[in-house]
Structure formats: C-alpha cells, structure tokens
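Sending over a structure as structure tokens; questions will come in a sec.
The values are calculated or read from the model by the stated rules, or taken from the named source; none is laboratory data. Computed from a predicted structure; not experimentally measured. Cβ atoms come from the backbone with ideal geometry, glycine included; neighbour counts cover every protein chain shown.
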Amino acid sequence: MHLATTEAELEPLSQKDLVEQCRLRALAKYGTKQALRDRIVTHMKSNPLFRISSTPEIAFDALGSRIARTPTDPPATQPPPPTTGQQPPAAAWVELSLKQAAQLRLRRPECVLEEEGYPSGELKDLTPTCHPLEWFNRFITEDFRTKIRDNTNAYAILKSAGGDIYPRFTAVKQEEIDCMLGLYLRHGLSPIPDMRLAWTNPMHSFVYGDERVLSLFPRGLDRFKELKGLLHVSNPLAPRKDTPFVKVWDLVDHVATNSRKNFVPPRFGSLDEIVIGFQGRCAEKDKIKYKDEGDGFIGDSICFGGYMYAFHFRHDSCPVVEKNASPLHNRCLYLAETLKEYDWVTLYFDNLFMSKNFLGWLYDRKKLGCGVCRTSGRGLPDCVIQKEVTKKAELEQAVGTIKVARSSDFRVLAMSIYDSKPVHLMSSAHTQVREVVKSRKIWDSAQGKSTDLEFKRLNVIDDYNFCMNGVDLCDQIRNQYRTDGPWMRQRKWWWSIFLWALEVGKGNAFLLYRRRCEQRQQKAMMHRVFIEMLARRLCGAEVVSPLHSRVSSIGEIGSPPSVKKSQKDGPFRAARITPASLEKMHARLRGGHPMALEVARTDCQWCKYKRGLCEVVEGKKRKEPGNPKTKLSEHPVSRATLGCEACHVWFCGPACWNEFHKL
C-alpha cells in the first residue's frame, strides 16, 4: 500500500500543515519506515488531499514534494539548477489509463459567468420594441458618423472638390452619410453586380433600377460617386498613426471598443482566425488558398456564439504581452487580456494556436484553454502520440485506441484517440477524461424509419465540437447578408475593411437584440427584417417614396388599372407646364417617381410645352432655346399614354418622360 495525492492546484498549507510536514520529513530521514507509514496514515485521515492508492509508487505531501519512497526506488536527489542561458527541464507527464482518467477529479477554478452571454448594463434602456437603428447606434454611434462627415468634408477641401474634381460637389450632409450606409446594407439583401446599376432607369432595364433608390440623392448616381470617392474615416489633418490600417483604424477601434462594452460573455468562447476578402493590390494582403474567402487580410478574433468580442489584424502592431511567446501567441494573449474582467473563461482553439506553453500563459492570466494539438513542437507528451497507419490490419487494430496523460503540475491533460486518423488534444479546462454516450438519427432500411444510434465520444472532444464554432457562426451571420455581395470587388483596400466593420456592427447588434428578446420571452424579428428596417431608417423615411399600387403595374402582365368615369384626364388632374412652373418643379430631377400606365383623355403636356416655345408670343416669333431653326411642325402633339403621379404631368411616351425628368 502506498500513499499519493490526486488533487491539482493545491491550496497553500496552513501553519498546522507546515508543522506536520516537518515531522514527516524528519521521520523520512531518521525514523523507521513503519513509523513513517503510521504517521502518514494518521495525517491522511484529517487531510482531504490524500487518499489510499495502489497505483503510484511515490508518496507526496500537500505541496507535491517527495517525502517517502519504496525500497526499490533510488534515493531522492534534487535536480541541479539550470545554468545561465539553459532552458529549464520540461514538466514531467504521468501516463494514465482511460479508467484512471475517468476517475480523476482535478480541481479547476470556477467561472461565475452564465452559459449564454447577454447585453451589458450599457444597453439596459433598450427593449425588444426598440427600432433596429437604436441597437445599431450602440456599435457605430451617431457621433462617429458625424465624425465621418466632418472628415469627408475636410478631405474634399484638400482634394479641391468642387473645382478640379467633382465640379458640382457641395458639402456632405449627415443624412447623406447615413443614406450611403443604408444603401450598402440594402445591397446585402438584394445584391447586384455593381452598385451603379441601382440608379438605372427602370424604363430602360428589365432587371436593374429601383424608383425608391433614384430619389435618395439630389443628383442621383453622380452624388453617390462623389460620396464614395471622397469618403474618409480618419482625420486627414491629424498626425499619421503607427498602423498600416490608418485609413479605417478609427472605425475598427470604435466597433471593437463598443463590442466589448455592450456584451457580457458566457463561460465558453472560441479563438480562431478571420479573413477579410480583398482581390486588389496591397502590401498587407495575404495569399490564402485554404479559405473560401480567398486572398485578403487575416486577423485573430475571440467570438462567443457568433458575437465578435475582440479582434486584431496580424499585420498590425501588437504589444509584447509575454516575452518568450511568438508573435502569434502574443496577439492571442493580447486578445485574452480583453477578458480581464471575467476570470476563468474557457477558450477553444485549433492546432494553429495550441501548445502547452500557451495553456500555461493563459492560466497565469486566469483563462482556461482546450483544443486539438500538433504532434511536434507543441509540448505534447510522447506517451499519447499515435502514428498514422495505412495497412488494413493495423488500422482495424488502431481504431478506437485512447491514450491519456496529465502533467505533473496537474494543470494540463493530454489525450489522443484514433478515429479515421489519430486526433490529439490538450486541455487545461477539464477535470477528467471519460466517454459519454451520444445518439444520432439514422435511417433503418429494415424498419423503414429513422432510429436512434448510440455511440461513445470523449467528453473533451464533445465539448470542443460544440464550443469551437463561435467564429464560424460569426462568419455565417456576416456572409448571410454581406454588404459587398458575392460579386463586388473593391479597388481600395480600406474599403473592404470598412464594409467588414459595418457588417460586424450590424451582426453584433442583431445578436444582442435577439438575446434581449429571449430574456423578455418575446418573439424576435428575422435577421432579414432587422436589416431591412435598419437600412430603411438610415436612408430616411422622408425621402423613400412609398409604394403605390400603380407602381407595381410596370412589371405586371394584364390590363391596366381601371379609372373612374369622373376622372376625364386620368387618375390625376393634369398640371399646365409653363416656363415659370417648370423652374419650381425641382422634385422632377430626383427621379424614382411613380408611373401611371394608362391611355388618358388628354394630350402630352411636354409636347404642348415645346410647341408653345415656338408659338407667337407678344407679336414676336419665339424659337426653341438652343435651336433657332426648329419649326412648329417638328413638335406635333400626341395623345398621352403614361403619367407621373408625383409631378402630375402626362406624356406621350418614354422619350418625353426622360426629357422632362432630366432637363
């Protein structure tokens, strides 16, 4: 019978335990073995850190020091201290069977966080009935959008906008910045190959063009080009910041700060890499062949159930958090320190990040970790490494093999299982390694129905499968209605990051809204509806033309809508066009006016107006401006076939319609 500890992370000894330890050491050095054993048994009964075991060959005290040995053991010797420049010896590993690993009860610090995250106290005034714009304003605030407006106007002055470039440029208004963001959010719901196609005249294109978009800006597409060409997030007059992403760093930092401030994370999260697609030229762009996103900018992020809590780009400068850590682990530790208010959060990550040293650095910062591990250079013990086999006989024998080991300091568990290939993992978050029974639905051809199939899986792998997908869920939410669509290719590198930050703010706002609805036990709106309401409010309800029943008749097949007999001139009373009244019709230039397709009982008013310019006025012959050779016979008056419900003007065809709305 031998005595051994089975607990990890032992508490500091009390004064009584220290005295007892001295007595045990004295008996181990000068007393008999029987007296030492009797003393240990007496002390064991009052100390819960000890228990009787037949497996270990060494008895340890509460601090893990060696105090008694079996007769076959060599005498205890203290390892010599490492010389200058020499690395300390690696921590020893103790190999365990699966039965012993299942009986482990390692002590782990307890995390007081809940199973699911929720909005922080900063959002206590937001309810499920609040408009999506109110949720979005907590991530990209109105003050920050005002800052974008001011920086854009300052950049326009530096570029001499209104003179050499964009001759008709005027100062950007706050409503135009919001409207531009709303258009890109709308583009995520209804993507088109090129944003410029949104200003196509519906009369000229069967696919593209929308009358509601045509009326958003005073000069339509020209104004949109000016906004996109001169948009500036950072202050062009301020000193340049020490970051390659200086053009959009203010927005990235603004979204990251608000994301941390507005959310209380749950117990489990994931650490993984993110990719922002970009196909143009940029020094910071990486060649990526292993991601569906393709080439672009790579970063690391911490996500909780799809909510992006913190992120950092790999080409950006990062403070040195751990002196002996690699740049990759320094970035990850920097992200982990954003959770310093929440102790003992468990982070799951893949083999790119996993190493025994990284788990130790996380533990020093009161964080736990778990994930798959590579077999070389990551501190994985040799006793759990399984080599891949190719022969069928060896494969049948290797499948299902499980190996487990624990570190001597009880902080890390290492394990491996041979499935179709060997899988290796390390964890500082689990107290034991055991098999759990799972079930899945399979089709039983004999019974002709789906039945439950039970199978076994390691608890560490089961937790990894369900907690590692936080970053994947974030990408899924972003790609579902992404603002740049499946075709859009940006020529400016910072524009891709700008749209990505807009999507992060939109996605985080929706997740917090949905979580608040769950807390209040109310039904949440769909993601699509959330974005639609947000885009509509950003574009401005006062400039978005309402849907008319007669607008839909443009794309419908069938007879035109009926007209009351009392309406002799059509669905509205025609307004007479004169040079004085034409100058007051500024709204006609905005475009996007609803159209009525009918054969009205009146003539084309635009033809009448052009003919009137050639008629005799005050006894003088007045020719058409700009064309003195025009004759009256060249302006025949035709019967009206379509009308503008906004301007109350009837036209004989698309030619007069376009000429009136563009003059």
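Just name the residue that is nearest to LEU96 (Cα to Cα) out of those in the range 383-415 that are more than 38 Å from the chain's Cα centre (by Cα) and in a helix (DSSP H, G or I).
Per the stated criteria, the residue is CYS383.
Looking at the range 164-193 only, could you name the residues that are assigned to a loop (DSSP other than H, G, I, E, B) and at pLDDT 85 or above?
Within the range 164-193, TYR166, PRO167, ARG168, PHE169, THR170, ALA171, VAL172, LYS173, SER190, PRO191, ILE192, PRO193 meet the criteria.
Which condition number in (1) at positive phi; (2) in contact with an Asp or Glu (Cβ under 7 Å, 6 or more places away or on another chain); (3) not charged (D, E, K, R) is the one that LEU126 fails?
The single condition LEU126 does not satisfy is (1).
Now, a different point. Out of curiosity, is ALA283 farther than 18 Å from GLN476 by Cβ, touching a helix residue (DSSP H, G or I) at 6+ places or on another chain (Cβ under 7 Å) and small (Gly, Ala, Ser)?
So ALA283 fails the test.
Being aromatic (Phe, Trp, Tyr) and in contact with a Gly (Cβ under 8 Å, 6 or more places away or on another chain) is the filter here, so list the residues in the range 269-293 that pass it.
PHE278
For THR146, work out the one condition from (1) of a type outside the set (D, E, K, R); (2) under 20 Å from GLY540 (Cα atoms); (3) part of a loop (DSSP other than H, G, I, E, B) it doesn't fulfil.
(3)
Still on this structure, I have one more. Among the residues of the range 476-508, write down those that are outside any helix (DSSP H, G or I) and basic (Lys, Arg).
ARG482, ARG489, ARG491, LYS492
Out of curiosity, is PHE358 touching a Cys at 6+ places or on another chain (Cβ under 8 Å), among the hydrophobic types (A, V, I, L, M, F, W, C) and part of a helix (DSSP H, G or I)?
Answer is yes for this residue.
Provide a single number: the residues in the range 382-408 that are in contact with a helix residue (DSSP H, G or I) (Cβ under 9 Å, 6 or more places away or on another chain) and surrounded by 13 or more Cβ atoms within 10 Å (Cβ to Cβ).
Count: 8.
Need the failing condition index for ALA154 against (1) surrounded by 17 or more Cβ atoms within 10 Å (Cβ to Cβ); (2) touching a Pro at 6+ places or on another chain (Cβ under 9 Å), just the number.
(1)
Among the residues of the range 290-316, which ones are more than 16 Å from SER496 (Cβ to Cβ) and without any contact (Cβ under 8 Å) to a residue 12 or more places away in the chain?
Within the range 290-316, just TYR290 meets the criteria.
Which residues, counting only those in the range 239-253, are in contact (Cβ under 8 Å) with a residue 40 or more places away in the chain and part of a loop (DSSP other than H, G, I, E, B)?
ASP242, THR243, PRO244, PHE245, LYS247, VAL248
In addition: Among the numbered conditions (1) outside any helix (DSSP H, G or I); (2) touching a residue at least 12 places away in the same chain (Cβ under 8 Å); (3) over 25 Å from ILE157 (Cα atoms); (4) among the hydroxyl-bearing types (Ser, Thr, Tyr), tell me where SER205 comes up short.
All conditions are met except number (2).
Further, regarding this structure: Would you tally the residues in the range 458-506 being without any contact (Cβ under 8 Å) to a residue 24 or more places away in the chain and polar (S, T, N, Q)?
Qualifying residue count, the range 458-506: 2.
Answer with yes or no whether THR375 is modelled with pLDDT under 95 and surrounded by 15 or more Cβ atoms within 10 Å (Cβ to Cβ).
Against the criterion (modelled with pLDDT under 95 and surrounded by 15 or more Cβ atoms within 10 Å (Cβ to Cβ)), THR375 qualifies.
Same structure, new question: Going by what's in this entry, would MET426 be described as within 22 Å of LEU335 (Cα to Cα), out of contact with any helix residue (DSSP H, G or I) (no Cβ under 9 Å at 6 or more places or on another chain), at pLDDT 90 or above and crowded, with 21+ Cβ neighbours inside 10 Å?
Criteria not met by MET426.
Residue check, CYS614 against (1) at pLDDT below 70; (2) within 57 Å of the chain's Cα centre (by Cα); (3) more than 15 Å from MET203 (Cα to Cα); (4) buried (at least 17 other Cβ atoms within 10 Å of the Cβ), all met but one. Which one?
Evaluating CYS614 over (1) at pLDDT below 70; (2) within 57 Å of the chain's Cα centre (by Cα); (3) more than 15 Å from MET203 (Cα to Cα); (4) buried (at least 17 other Cβ atoms within 10 Å of the Cβ) leaves (2) as the failure.
What do you reckon, is GLU273 acidic (Asp, Glu), at pLDDT below 95 and not in a loop (DSSP other than H, G, I, E, B)?
Yes, satisfied.
Could you figure out which of (1) under 28 Å from the mean Cα position of the chain (by Cα); (2) within 30 Å of ALA655 (Cα to Cα); (3) surrounded by fewer than 15 Cβ atoms within 10 Å (Cβ to Cβ) isn't true of LEU183?
(3)
How about the range 294-321: which of its residues are exposed (fewer than 15 other Cβ atoms within 10 Å of the Cβ) and either of a type in the set (D, E, K, R) or on the phi > 0 side of the Ramachandran plot (or both)?
GLY294
Moving to a separate point now. Of all residues in the range 206-226 being among the aliphatic types (A, V, I, L, M) and surrounded by fewer than 20 Cβ atoms within 10 Å (Cβ to Cβ), which is nearest to CYS179 (Cα to Cα)?
That would be LEU221.
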